[in-house]
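The values are calculated or read from the model by the stated rules, or taken from the named source; none is laboratory data. As the structure is a prediction and not an experimental result, all values here were calculated from the model. Neighbour counts run over all protein chains shown; Cβ positions are idealised from the backbone, glycine included. Only protein heavy atoms, including side chains, enter the accessible area calculation; ligands, DNA and RNA are left aside. Shrake-Rupley method; radii C 1.70, N 1.55, O 1.52, S 1.80 Å.
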Amino acid sequence: MDTVGNMVMAKNMGGDSFRTSWFQQLLSLIYFEEHRKGIGNLETVDQVPFFEYNFRKMDFVERPSPRLFATHLPYYLVPRGLKNKKAKIIYIYRNPKDVMCSYFHFSKNVTLQVTSSFEEFMEQFLEGKVLGSLWFDHIKGWYEHKSLFNIQFLMYEEMKKDLKGSLSKVCKFLGKELSEEEMDAIVRQATFQNMKYDPRANYKNIIKTRYGLEAKGHFLRKGTIGDWKNHMTVEQNERFDKIFQRKMKDFPLKFIWDMNEE
């Protein structure tokens with residue numbers, strides 16, 4: 001599909017459930033007044049559908065402007081038309097230790113695709129044998145080819161620490177002007193606790209439809225910064241750090257690994 005003008009695409013690597021659903025909720029709140037006022041009943045996955053997972057069998061070409069999408073695709077698999085820079089892309093990135101831990105629980109408790117231990121899953125993650133392939137290649141690929149696209153990189157941890165400030169950056173990039181009252185309403189509805197119990201945003205219906213009643217636990221689990229400390233041993237952490245330092249040497253984007261880190 002090359003007709004990608006007036007399109008906004010939010011993207012990250014797969015498996016990190018809250019990061020994806022959070023931005024679907026934010027875009028829905030930014031663009032749809034009825035969603036913001038709580039009078040609309042469309043789920044965020046209908047407002048901001050996945051580009052590569054067309055659950056609802058929508059005709060994407062016929063969607064009204066602006067067309068909003070979420071995706072986990074690497075840069076080389078997105079439509080060629082994105083390179084005309086008319087569409088806007090927001091890449092939400094998160095420290096990979098928390099991505100891995102979130103991905104582990106998502107695969108184990110929601111999609112039921114993982115029966116291995118965390119130790120075994122970590123090996124799969126570091127080898128790129130997971131949906132979305134290798135995390136290091138995914139983020140570096142998009143960053144190194146950023147000049148081809150109209151793209152903004154946004155850190156998940158900054159959103160957690162200052163959601164209103166991050167929302168202002170997003171609105172400026174998208175050219176959306178919202179009142180202070182509207183901004184406050186978005187921030188309030190986009191908190192983790194409010195989303196966890198909002199049927200429009202918590203994926204409960206989607207999980208039940210796609211994976212049946214066997215899916216256990218909440219789709220939105222924690223969404224915190226530094227949860228990797230509750231999963232990784234000292235040895236695992238040291239090994240991960242060595243690989244990260246080797247793979248991401250001289251990479252310019254910064255990462256936050258702990259909630260207290262500036």
Any residue at all in the stretch 101-121 that's on the phi > 0 side of the Ramachandran plot and among the hydrophobic types (A, V, I, L, M, F, W, C)?
yes
State whether one or more residues within the stretch 212-226 are at pLDDT below 90, open to solvent by less than 60 Å² (accessible area, probe 1.4 Å), among the charged types (D, E, K, R) and part of a loop (DSSP other than H, G, I, E, B).
no
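Just checking, which of K172, K146, K176 is among the basic types (K, R), free of Cβ contacts under 8 Å to residues at least 24 places away in the same chain and farther than 30 Å from K242 by Cβ?
Values: K146 fails: farther than 30 Å from K242 by Cβ; K176 fails: free of Cβ contacts under 8 Å to residues at least 24 places away in the same chain.
Going through K172, K146, K176 in turn, the sole match is K172.
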Counting just the residues of the stretch 229-262 that are under 21 Å from the mean Cα position of the chain (by Cα) and closer than 17 Å to K161 by Cβ, which one comes out most open to solvent (accessible area, probe 1.4 Å)?
K254
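Only residues that are hydroxyl-bearing (S, T, Y) and either touching a His at 6+ places or on another chain (Cβ under 8 Å) or within 20 Å of F251 (Cβ to Cβ) (or both): list them for the stretch 123-175, please. Lay out the reasoning, then the answer.
Of the stretch 123-175, the ones hydroxyl-bearing (S, T, Y) are 133, 143, 147, 156, 166, 168.
Once the filter is applied, which keeps residues that are hydroxyl-bearing (S, T, Y) and either touching a His at 6+ places or on another chain (Cβ under 8 Å) or within 20 Å of F251 (Cβ to Cβ) (or both), the stretch 123-175 yields S133, Y143, S147, Y156.
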Among the residues of the stretch 124-157, which ones are open to solvent by 40 Å² or more (accessible area, probe 1.4 Å), hydrophobic (A, V, I, L, M, F, W, C) and part of a loop (DSSP other than H, G, I, E, B)?
L131
Complete set of residues in the stretch 233-253 that are part of a helix (DSSP H, G or I) and either free of Cβ contacts under 8 Å to residues at least 40 places away in the same chain or of a type in the set (D, E, K, R) (or both):
V234, E235, E238, R239, D241, K242, Q245, R246, K247
Please work out if S107 is open to solvent by 10 Å² or more (accessible area, probe 1.4 Å), of a type in the set (G, A, S), out of contact with any Gly (no Cβ under 6 Å at 6 or more places or on another chain) and under 22 Å from D227 (Cα atoms).
no
Top-ranked residue of the stretch 38-55 - restricted to ones that are modelled with pLDDT under 80 and open to solvent by 10 Å² or more (accessible area, probe 1.4 Å), ranked as nearest to E182 (Cα to Cα)
G38
Report whether or not L68 is modelled with pLDDT of 90 or more, part of a loop (DSSP other than H, G, I, E, B) and either of a type outside the set (G, A, S) or open to solvent by less than 10 Å² (accessible area, probe 1.4 Å) (or both).
no
